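Values in this text are rule-based calculations from the coordinates and carry no lab data. What you are looking at is a predicted structure, and each value in this text was computed from that prediction instead of being measured. For neighbour counting, all protein chains shown are included, and Cβ atoms are generated from backbone atoms with ideal geometry for every residue, glycine included.
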Amino acid sequence: MKKRFDVRILGQELTVTSDSGDEHVANVIRYVSDKVREAEKAAPSKGALDIAILAALNIADEYLRMRSRENVYSQLEIRSEQLIHLIDDAR
């Protein structure tokens, strides 16, 4: 069942709904808030929209880097399995 959560980031109040647990939503809000604070420190003279966009870009960068790593790990796993089969077949 979806639950409503009140969020305040960059002075903006939002209400979001989620069917995730309270702890997960709190972690997401904390993570985004931390990223916004990092962006504010990096560009203190920028406005709220610029800070939000910078934080979103930083989050997207992290996500894509992790996804790329997961693809590498997946390919390594596939190749390892292929090598194991080749070794088993050679016996």
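Spacing of the modelled spin labels on ARG91 and GLU13, each 7 Å from Cα toward Cβ, amounts to 6.8 nm. Computed from label points 7 Å out along Cα-Cβ, the spacing between SER33 and GLN82 is 4.8 nm. Straight-line cross-link reach from LYS41 at under 17 Å between alpha-carbon atoms covers these aspartates and glutamates, not counting any fewer than eight positions away in the same chain: ASP50.
Between ILE9 and LEU14, the built amide H atoms are under 5 Å apart, and every one of these is 5 or more places off in sequence or on another chain.
What is the angle, in °, between the Cα long axis of helix 48-90 and the longest principal axis of the Cα atoms in the chain? Nearest 10 is fine, range 0 to 90. Once rounded, one gets 10 degrees.
Which order do GLU40, GLU62 fall in if you start with the one that has the fewest other Cβ atoms within 10 Å? Walk me through the numbers on the way to the answer.
On the way: GLU40 16, GLU62 12.
The most exposed by this proxy come first: GLU62, GLU40.
When the label point is put 7 Å from the Cα of ASP61 along its Cα-to-beta-carbon vector, which residues of region 31-52 have a backbone N closer than 17 Å? Under cut-off, by backbone N: 32-46, 50-52. Helix 22-42 and the longest principal axis of the C-alpha atoms of the chain enclose an angle of approximately 80°. Shape class of region 3-66 from the Cα gyration tensor (axes a ≥ b ≥ c, square roots of the eigenvalues): oblate, since a/c reaches 1.5 or more and a/b does not exceed b/c.
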